[in-house]
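Heads up: the structure comes next, in structure tokens.
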Amino acid sequence: MLELWLKYKASASLIAWAAPQVRQWNEDRKAAPPVTEEQLEKAVAASRPSSPDCLRLQLQLADAQRIHAAGDPEKLDQAEATIRAAIGVAADTSNSQAYLECLDALAQVNHDRQDFAHMQAFLEEGIRLEAGLPHPNPARMARRMHGLGLARHQQGEEAVPVLEKAVELHEQAFGEDAVETGYPLADLGIVYRSQQRYEEACASLERALRIHGRGIDYTSPEALRDVHNLACTLAESGDIPRAIEVYDRALECMDRIVGADQDEIAEMQFAVAQLYVDWEHYAGARELLAMCLGAFRRKKGPRLAVAYELAANIEEISGRYLSAIAELERAAKIWQACGEERLEELATNLEYRANLLEELKRKDSANWLREKAAAARAGNPI
């Protein structure tokens with residue numbers, strides 16, 4: 001039996017919930033400031049130097065620069081320069097609270113740079129200084145501990161004790177069932193999973209899912225990510241039936257939500273169908289593909305073609321080569337409609353069909369398809 005050597009590419013929305021790594025850390029879960037960088041720069045210039053208002057505005061400006069950087073090293077350098085100007089003023093005026101906020105901001109900038117060693121250093125300094133205050137801020141201590149655990153994990157260092165402490169501090173600061181507590185719980189579960197501590201991983205991820213899912217709401221990115229990590233942890237531990245049950249329950253709950261984004265549900269159905277194929281749960285994969293194809297047909301395009309090709313893979317594995325070829329023909333029509341930019345995908349599709357036809361001893365048809373595939377690879381529309 002032939003293997004499917006087409007590579008399926010997930011959408012950006014799928015990657016957001018399915019990523020099997022720890023979530024991005026943000027020390028304050030901040031959104032972009034409601035004012036522009038230019039407005040903040042003018043406000044900083046107009047404020048009295050060394051005043052609390054000036055420090056606050058400098059930190060807001062740095063956060064805006066960081067958020068808008070989108071990984072641009074120069075913009076991140078600007079954000080760091082703004083923070084270092086503020087931290088100098090905070091030190092000169094003995095403003096301990098502002099100094100700690102500057103350390104947190106520097107940790108966030110280094111997180112965005114993926115410079116986890118410096119991120120760790122700033123967080124450890126923040127934890128040390130906060131612990132020395134008469135009244136430490138429990139929320140900030142909890143978030144710093146979470147960030148420290150992630151920084152250690154990203155560097156390949158032992159992170160479990162730190163993340164366990166982060167969960168404890170979040171419970172004390174926000175409550176056992178608070179959304180904030182769900183963040184370190186989910187990351188602790190992922191780290192347990194990386195160490196093959198599956199029982200502990202499942203316990204943490206199930207608890208995070210209860211918090212983020214709130215019973216029936218599986219539409220949040222956090223809940224979807226928890227679903228994925230819990231199901232994959234169960235599968236890796238050998239409990240594939242329970243992994244399938246987790247996905248089935250999540251999909252059923254999402255489908256019941258009035259006003260749920262049907263395109264998003266279709267993306268998740270497609271992603272889970274791919275996993276079901278890997279887990280040899282072909283009946284479930286077929287059912288999910290039948291559900292998501294309706295949404296994909298409305299938009300057509302590459303996603304529909306890839307869905308047809310996954311259906312072809314299922315038919316091939318099941319020994320139904322003629323059905324597989326029919327699904328591939330449907331996909332080929334979509335690739336052709338996409339124009340020259342998808343000729344490579346079309347050529348791969350044609351070669352796959354040719355291999356299946358050869359298995360059926362239809363060599364003339366197989367050779368004809370290979371000629372067309374070669375033309376497509378050469379950049380010639382067919």
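The values are calculated or read from the model by the stated rules, or taken from the named source; none is laboratory data. This is a predicted model, so every value here is computed, not measured. Here the Cβ positions follow ideal geometry from the backbone for every residue, glycine too, while neighbour counts run over all protein chains shown.
Summary of computed values
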| quantity | calculated |
| --- | --- |
| Residues satisfying the stated conditions in the range 105-156, i.e. farther than 27 Å from Ser194 by Cβ and in contact with a Gly (Cβ under 6 Å, 6 or more places away or on another chain) | none |
| Residue pairs meeting the criteria (Cβ under 9 Å; at least 6 apart or on separate chains; first assigned to a loop (DSSP other than H, G, I, E, B) and modelled with pLDDT of 95 or more, in the range 196-212; second hydroxyl-bearing (Ser, Thr, Tyr) and buried (at least 21 other Cβ atoms within 10 Å of the Cβ)) | none |
| Looking only at the range 213-231, and only at residues there that are in a helix (DSSP H, G or I) and touching a Leu at 6+ places or on another chain (Cβ under 8 Å), the one that is nearest to Glu280 (Cα to Cα) | Ala231 |
| Selected residue [in contact (Cβ under 8 Å) with a residue 40 or more places away in the chain and assigned to a helix (DSSP H, G or I)] from Ala79, Ala62 | Ala62 |
| Breaking point among (1) assigned to a loop (DSSP other than H, G, I, E, B); (2) in contact (Cβ under 8 Å) with a residue 24 or more places away in the chain, for Gly156 | (2) |
| Single residue of Ala354, Ala375 found to be modelled with pLDDT of 95 or more, part of a helix (DSSP H, G or I) and among the small types (Gly, Ala, Ser) | Ala354 |
| Checking Leu163 against (1) under 22 Å from Leu234 (Cα atoms); (2) surrounded by fewer than 24 Cβ atoms within 10 Å (Cβ to Cβ); (3) more than 19 Å from the chain's Cα centre (by Cα), the condition it does not meet | (2) |
| Criterion (in contact with a Cys (Cβ under 6 Å, 6 or more places away or on another chain) and not aromatic (Phe, Trp, Tyr)) met by exactly one of Gln274, Gln262, Gln269 | Gln269 |
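One line per residue, one yes/no per condition, for (1) surrounded by fewer than 22 Cβ atoms within 10 Å (Cβ to Cβ); (2) at pLDDT below 95; (3) on the phi > 0 side of the Ramachandran plot; (4) of a type in the set (Gly, Ala, Ser):
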site	(1), (2), (3), (4)
Glu158	yes, no, no, no
Gly215	yes, yes, yes, yes
Ser220	yes, yes, no, yes
Thr233	no, yes, no, no
Asp239	yes, yes, no, no
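Yes/no per residue for (1) under 25 Å from Glu252 (Cα atoms); (2) surrounded by fewer than 18 Cβ atoms within 10 Å (Cβ to Cβ); (3) among the hydrophobic types (A, V, I, L, M, F, W, C):
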residue	(1), (2), (3)
Cys292	yes, no, yes
Gly301	no, yes, no
Ser318	no, yes, no
Glu327	no, no, no
Lys333	no, yes, no
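Every residue, every condition in (1) in contact with a helix residue (DSSP H, G or I) (Cβ under 6 Å, 6 or more places away or on another chain); (2) β-branched (Val, Ile, Thr); (3) farther than 27 Å from Ala201 by Cα, yes or no:
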{"site": "Gln97", "(1), (2), (3)": "no, no, yes"}
{"site": "Asn110", "(1), (2), (3)": "yes, no, yes"}
{"site": "Gln120", "(1), (2), (3)": "yes, no, no"}
{"site": "His153", "(1), (2), (3)": "yes, no, no"}
{"site": "Glu158", "(1), (2), (3)": "no, no, no"}
{"site": "Lys165", "(1), (2), (3)": "yes, no, no"}
{"site": "Glu176", "(1), (2), (3)": "no, no, no"}
{"site": "Pro184", "(1), (2), (3)": "yes, no, no"}
